[in-house]
Structures are given as C-alpha cells and as structure tokens.
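K.L.:
A single structure is presented below for examination.
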C-alpha cells in the first residue's frame, strides 16, 4: 500500500507526542508508525518527546529519518496525537486531539472516561478487543477507532539469521520461546508450570524465556533459578536487551512461540514470531484474534475471570476488571501435540507467516492512521466516503465478535440480530448467535443457528467445528454427518475436521 499524493487536501500538520528511541513497546509503536507516516508527502509530522532517548539510530537504521523531525511543535497543528504512559488527558494547545491508549484489564478507570468525554476527539486502540472494552466502559463507539500494530516484513521473516547464543545454550533440542515481561498478566507462570509438568529432564526440549527489563522482577528470580537446574526439563533465561535489528534472530533460532497471556492489548511478539514463520500457541481469546486465524495458530482454551474489586492498582474502574485465564491442562496437551507433530506445526507456522507479512504490516497500519487523520478533519475523498458504507457491516460484525470475546453474550446476541435485520443471510451473524447460545447452554438453539450459518457458509470448517461441540452437548451429532462429509471433500487435510470425522465413524 503506497502513500498517495492528495494535492487537493493540502498539508496536515501533526504533533506526535510520546517516547521514541527507548526500549519499550509504546516507543516502538511510535517509531514504526511515524517511520511510515513521514512517507506521506501531505503529512507534516513533528515530534514532542515525553522521555529522553536511550539510543540513537545508526546510519543504516530505517529510523534514521526520524532524527531529522523538528522537535518544536506546530503552533497551529491540525492534529495532536498523544501515545505515552501514564496518559495525559489535558487538551493540547491546537488541533484535534487523538489519544492512543492501550488498557489490558477490560473495564476502564473512571477518571479516564470522564477525561475522554471532556477533552478527547478520538481514541485509537490497537485491537477490536480494546475497542469493545472502551465501549462497554461508556465511551461512544464512533469515538473509538482501531489503528492496529504490525510488523516489518523486511525485518521479521523466516530468512533472518538465527541467534547463535540460543543454539549454544539450548543444544540440539526443540525450542519453545516466550518473549516479553515475566509477569502474571502475560501468563509466564502458566507457561512454565505447564511446560515443567508436561516435559521431563531427559526429553530433547527447551523453553527459552526472553524477559523484558520494563516490568518488575518479582517472578524473574525464580525463573532464573529454574533455568540453572539440570533435574528438570531444560530452560534458558535471559533479560539482556536485544537490539531491534537482532530480534528476528531470536525467533528464527527457535521452533515454536508460546504466549498464554491473561491480558494483552495486541501481542506484538506473537505477530513477530508468526512473521518469522514460527507456529504459535496462544490464548484462545482477546486481542490476538485480530491477526491469528483459526488455522494460523494453536489456541489454548480459556475462561473469563473478573477481579474481586473495581480497581486496578490505584485506579478505580467503571466495572469489575477482568482477564482471560488459559486452561493449564489444555496448554500442556497443546505443547505436547506440537512437540510430537513438529513438521505439521512448522507448516502451519510458515503458512500463517505469509498472511502476517502481507496484511498485518506497519505500512498498512500507517495507511489506516493516515485515513483517520483525514476523516477527523473531514478530508476523505468521495470514493472513500462511499467505501464507509461498505465497511460499516464489517465494523458491526467486529464489534459483535468482540462482545463475544469478553463474555457479553446477551449484548452480542442483540448486536448479531441487528446485523441480520439489516444484512439478511449473513453467515457470521448466524455463527455468532450460535456461539452465544452455546455459552448460554441453549444447545438445541445453538445447533439450529450453526445449521443456518452452514447453509450460507458452505461447509466452513470453523462453523462445523463449533457446531460439533454444540451437537455433542445436545446429543444430536447425527445432524453433522452430511455436512462433515461434504467439508471433507474440500478440506481433507484439516486436522480438526479429520478428528471429528474419526470420532463420528466417517473415517
């Protein structure tokens, strides 16, 4: 997707406030988006630093052009975007105010909601999951826009040279990798417990933990101790800072990426690992569903867990905060399955990587951001205004799916029903209604709705897999005999479909 010249629009003056050359994810997102946005000739970006830079890009770095950006803000800015932590809700001196603000715990702080209502023109979030969290906290849907994260396919790809230190430390073993803060939120405790329970010291397997220095070290000391032992399944631990250009080698030196998070706003390491061709094992809900397709990774069953008080740290929240809790037993079985089916997992990772590298890129994310700038200023072209109607249906479906993800089943059913009223014959809406009915334990109703979705969706594997679970609960598995047979003709190599066929006696 190329930056396009818009001579009739004029220059858009943008002040971008936040960290830049620092070693944390907010700084990285700022660097990546700004690097792509300065390629648009009608965008005049200036940077307002929030914290001192910790490094300077060298002459070969793609970030070098950012060092030439003026640090003196536009006095008459059209747009002021703020992406930093902690957030600042004060109105900027000029321009439309965009707040780019992740929040991983479901329900927003009360003070945020009040401030957003009073001062913010538009909120940008990384994922559909975050969008629905903002909306359910009372932020109007039309104020919250998804501007995703991404990856750089020239950097993150399967051809990146593997990091020698990983191979030296792990030996000739199958390597599972986790990259991120060793924290409860990111599920590192669940991963380590599942790994050590499933694998023994004499098995040719290794878990590589790359810790981040951004988070507290409460759990890290214990992980370091475990990595020093030789009477348990092999572990390798490091908290060393790895330069961005060397990070792809961390992924390509390993065989499978595992991230059983409880709460994430996007999950950048998951996308980076996929871009490098690794199969991924991830929590089966939340933010990563924006870019991990059903056949693009291995999902771990999870449940939604509300916290005991309406508070996160010292922030009082609108409702009870929540996160997702991956099932440790299922995580163990998925780890074992991937270890026992290395070649199948490798093929899945390679296939998913192609999609990530072509669709979920920083270039495409910047194109979304650029369009939001023009939309906020009323500068969309007539053709783009026409496209808005076509995108409305997709946005409504995304919102309804996100309601499912956060366990708001009644609200999700209402949203899907409205979609069916407006867009008759939508298989995704029928499937969404069916999933909501299943979770509400209305199994017969779920089966009928899955059948309706399947009549439109033409034996879609995802529909059939979910339908089968509902049919088992309703003691009505026979209704899937013909749909499974037809689907096998189209998807004979699909593992889940074949497993269902075996259970039903069709294969």
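The values are calculated or read from the model by the stated rules, or taken from the named source; none is laboratory data. Please read all numbers here as calculations on a predicted model, not as lab measurements. In this analysis, Cβ positions are derived from the backbone assuming ideal geometry, glycine residues included, and neighbour counts consider all displayed protein chains.
K.L.:
For residues that are part of a loop (DSSP other than H, G, I, E, B) and in contact with a strand residue (DSSP E or B) (Cβ under 6 Å, 6 or more places away or on another chain), tally how many sit in segment 234-280.
P.N.:
8
Listed here are the residues, each with its yes/no results for (1) outside the structural domain of residue 18 (by TED's automatic domain parsing); (2) in a loop (DSSP other than H, G, I, E, B); (3) modelled with pLDDT under 95; (4) over 27 Å from the mean Cα position of the chain (by Cα).
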site: 47; (1), (2), (3), (4): no, no, no, no
site: 72; (1), (2), (3), (4): no, yes, yes, yes
site: 88; (1), (2), (3), (4): no, yes, no, no
site: 103; (1), (2), (3), (4): no, yes, yes, no
site: 107; (1), (2), (3), (4): no, yes, yes, no
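K.L.:
If you don't mind, there's one more thing I want to ask. For a quick check of your reading: which helices (runs of 4 or more DSSP H) sit entirely within segment 402-472 and have at least 1 residues that are in contact with a helix residue (DSSP H, G or I) (Cβ under 8 Å, 6 or more places away or on another chain) and under 25 Å from residue 506 (Cα atoms)?
P.N.:
Those helices (runs of 4 or more DSSP H) span 427-439, 443-457.
K.L.:
Given the criteria at pLDDT 90 or above and at positive phi, does residue 441 qualify?
P.N.:
yes
K.L.:
Which one of these does residue 227 not meet: (1) surrounded by fewer than 21 Cβ atoms within 10 Å (Cβ to Cβ); (2) within 23 Å of residue 29 (Cβ to Cβ)?
P.N.:
(2)
K.L.:
Find the residue count for segment 450-485, including only residues that are more than 20 Å from residue 501 (Cβ to Cβ) and either modelled with pLDDT of 90 or more or not assigned by TED's automatic domain parsing to the domain that holds residue 499 (or both).
P.N.:
Of the residues in segment 450-485, 0 are more than 20 Å from residue 501 (Cβ to Cβ) and either modelled with pLDDT of 90 or more or not assigned by TED's automatic domain parsing to the domain that holds residue 499 (or both).
K.L.:
Further, regarding this structure: Out of all the residues in segment 294-304, is one or more touching a residue at least 60 places away in the same chain (Cβ under 8 Å), crowded, with 22+ Cβ neighbours inside 10 Å, closer than 24 Å to residue 401 by Cα and not assigned by TED's automatic domain parsing to the domain that holds residue 114?
P.N.:
No, that holds for no residue.
K.L.:
Further, regarding this structure: Could you please tell me which pairs satisfy a Cβ distance under 9 Å, a separation of 6+ or placement on different chains, a first residue in segment 55-71 that is at positive phi and exposed (fewer than 13 other Cβ atoms within 10 Å of the Cβ), and a second residue that is at pLDDT below 90 and part of a loop (DSSP other than H, G, I, E, B)?
P.N.:
Sorted first by the residue in segment 55-71, then by its partner, the list stays empty.
K.L.:
Just the residues that are at pLDDT 95 or above, touching a helix residue (DSSP H, G or I) at 6+ places or on another chain (Cβ under 6 Å) and either assigned to a loop (DSSP other than H, G, I, E, B) or surrounded by 21 or more Cβ atoms within 10 Å (Cβ to Cβ) (or both), please, taken from segment 179-200.
P.N.:
Within segment 179-200, 179, 190, 194 meet the criteria.
K.L.:
Among what's in segment 321-359 and is outside any helix (DSSP H, G or I) and either without any contact (Cβ under 8 Å) to a residue 60 or more places away in the chain or not assigned by TED's automatic domain parsing to the domain that holds residue 248 (or both), pick the residue that is surrounded by the fewest Cβ atoms within 10 Å (Cβ to Cβ).
P.N.:
Taking the candidates together, the pick is 341.
K.L.:
To continue, here is another question. Could you list all residues from segment 290-310 that are out of contact with any strand residue (DSSP E or B) (no Cβ under 6 Å at 6 or more places or on another chain) and more than 21 Å from residue 188 (Cβ to Cβ)?
P.N.:
290, 291, 293, 294, 295, 296, 308, 309
K.L.:
Collect the residues in segment 480-507 that are surrounded by 15 or more Cβ atoms within 10 Å (Cβ to Cβ), outside any loop (DSSP other than H, G, I, E, B) and in contact (Cβ under 8 Å) with a residue 12 or more places away in the chain, keeping them in residue-number order.
P.N.:
Correct list: 480, 483, 484, 487, 488, 496, 497, 500, 501, 504.
K.L.:
OK, next. I'm checking my understanding of the structure. Among residues of segment 218-233 that are assigned to a loop (DSSP other than H, G, I, E, B) and at pLDDT 90 or above, which one is nearest to residue 195 (Cα to Cα)?
P.N.:
Among those residues, the one meeting the criterion is 233.
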